[in-house]
1. Using Cα pairs under 8 angstrom and six or more residues apart, how large is the relative contact order of the chain, in percent?
2. Taking only the alpha carbons of the range 66-107, what extent do you get along each of the three principal axes, in Å, biggest first?
3. Which shape class, rounded, prolate or oblate, goes with the range 6-131 when its Cα gyration tensor gives a ≥ b ≥ c as root eigenvalues, a/c under 1.5 marks rounded, and past that a/b bigger than b/c marks prolate?
4. Long-range amide H contacts for ALA34: which residues qualify at under 5 Å (H placed 1.01 Å from N, peptide plane, sequence gap of 5 or more or a different chain)?
5. Given an 8 Å cut-off on Cα distances and at least 6 residues of separation, report the relative contact order of the range 99-153 as a percent.
6. Taking θ = phi - 60°, what integer Hz values does the Karplus form 6.51 cos²θ - 1.76 cosθ + 1.60 yield along the range 393-403, in sequence order, with x for Gly and Pro?
7. For the range 70-81, what does the Karplus curve 6.51 cos²θ - 1.76 cosθ + 1.60, with θ = phi - 60°, yield as ³J(HN,Hα) per residue in whole Hz, taken in order and with x for Gly and Pro?
8. Report Rg (one decimal) and Dmax (nearest whole number) for the range 139-190, counting Cα atoms only, units Å.
Amino acid sequence: MPLRALILVLGDQLDPTSSALDGVDPARDALWMAEVAEESTHVWSSKPRTALFLSAMRHFADAQRGMGRTVHYTTLDDDANTGTLAGELRRAIAAHRPEHLVMTEPGDWRVREAVAAVARDVGLPLEVRTDRHFLSTVAEFAAHAKGRKQLRLEFWYRELRRKHRILLDADGGPEGGDWNYDAENRGSFGKKGPGLLPAPRTFPPDTITREVLALVARRFADHPGRLDAFDWPVTPAEAREALDDFIAHRLAEFGTYQDAMWTKEPWLYHSRLAAAMNLKLLDPRDVIAAAEAAYRAGRVSLASAEGFIRQILGWREYVRGLYWHLMPGYADHNALGAHEPLPAFYWSGDVEMACLRDAIGQTLDFGYAHHIQRLMVTGLYALLLGVEPRAVHEWYLAVYVDAIEWVELPNTIGMALHADGGIMASKPYAATGKYIDRMSDHCRGCRFDPAVAVGEDACPFTTLYWDFLARHETRLAANQRMALQVKNLRRLDADQRAAIAARADAIRAHGGAPPPGAG
Ligand SMILES: Cc1cc2nc3c(=O)[nH]c(=O)nc-3n(C[C@H](O)[C@H](O)[C@H](O)COP(=O)(O)OP(=O)(O)OC[C@H]3O[C@@H](n4cnc5c(N)ncnc54)[C@H](O)[C@@H]3O)c2cc1C
Ligand code: SF4
């Protein structure tokens, strides 16, 4: 019997209930999946990131076959593998001659264009179905954005809370009277530190994952990152266990400590669920419902439940809407005219600055850093140094296990680098080393002093913060929310400004890190 539909399933579409599979008839349709080198080389993808995708894809394909479906699957080490999605899709079409192609909306622009181009070239109809994984659609976000000059999270989040009846009181208002409990969610661990932390549930590699780890180690030996600590959930069942573990043991403290950092403590009270959600192993509705249920049962505070739900119902839906609303072209923004190269130590963690060493070190070890490490350590440093946004974007997309362009790009270009000129964030997240000192123990173990801007002990964040304000003084002075920071800058005299500029230049001339002995 001729093949009716070839159903394309990408590495971040591993949802057994996805729209692409609606109406699948095992007698007439087949699934298509391909492991291709291009997805690990278009950015220099870290080993743990590639391994997670491949392992989860292989588990998904096995589960589908177990349901009696045909899966045409190309492995990375297949001799005939052309190495690109487009090449593999052409090969599959030639071999199986489907009447049409079906897929759920892809998660990044590049892939959507590549698939559409193949379908056009071979003259096959391509049906792209709405991605039901998200609680909002691209069209709904576009309608929300229409006529607005600025696209802020808060309004979109409230709209979704109301629409999906999440954390509402009996009158339809926000539970507890406020939409947002951020002010209660900015705790640090203080001098004593976090104490004994609840270790997250981990998932030691099974046979499939071990094969993938060996393949990735062989095939991408020179790529960044390590594989020996790989313990991510790779199936929907494991992802659900990871969620239950988070709700039971870490959600209660999530809110209070969501911005805190501590040396050699990569997980703290974070959920580690982004990768499972982004690969669609886990439905965000289940995650949100579990957090709300824990609050309703009196097991966690409203501030913790709301703080967590806002990340998923708010930020996650918002950045996806923003991405599709602003693509293509969003990756080309460079409003602050930043052109420095990315420091080489971002790929090695080999750097004297203790906060950067810790954040980059765990990134390479696990493919993970939590939000404040991404925003206020690696992101902040790139912002202050003036690194080319595209290079920063390619780094974030390469190193994290949860990195997919729809979510990574707005966070990098809009939130961390302010490269979109304020579409996403009303002001740059610029801060001195004192912010890191307040939120972590890093400065205690660092040879630099976060309170000092010039001289041999000067913290590079602090030097570069003043230099950043000075370089963008005119632009920032026009931003009301930066008024206090600009006022403080204007208190510096000409000699202080010159000393800061000289040290900032020395840092730039020395690959982005302070040269030894430089004043
Ligand atoms: C520069 C930069 C790059 C980032 N790149 C990615 C990325 O590639 N993929 C990714 O999923 N997240 C990204 N984030 C957002 C956030 O840092 C991660 O979602 C989070 O650290 C993942 O860890 P977790 O699952 O333990 O999250 P938790 O701290 O437990 O938060 C819960 C969930 O909320 C969601 N979430 C939280 N913050 C955001 C946000 N700003 N945008 C979207 N969703 C959010 C995630 O799904 C996350 O799993 C980035 C943030 C920055 C500043
Ligand atoms: S002193 Fe500066 S470089 Fe060192 S850990 Fe603190 S913020 Fe980071």
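1. Value for the chain: 16 percent.
2. 27, 25, 24
3. rounded
4. Those qualifying (amide H under 5 Å, at least 5 residues apart or on another chain) are THR74.
5. 38
6. 4, 5, 5, 4, 5, 7, 9, 9, 5, 9, 7
7. 8, 10, 8, 10, 9, 8, 4, 9, 5, 4, 8, 4
8. Calculated on Cα positions, Rg and Dmax stand at 14.2, 45 Å.
A short reminder: the numbers here are calculations on the coordinates, not readings from a lab. A quick note: this is a predicted structure, and the numbers were derived from the prediction, not measured. Cβ sites come from the backbone with ideal geometry, for glycine too, and all protein chains shown count toward neighbours.
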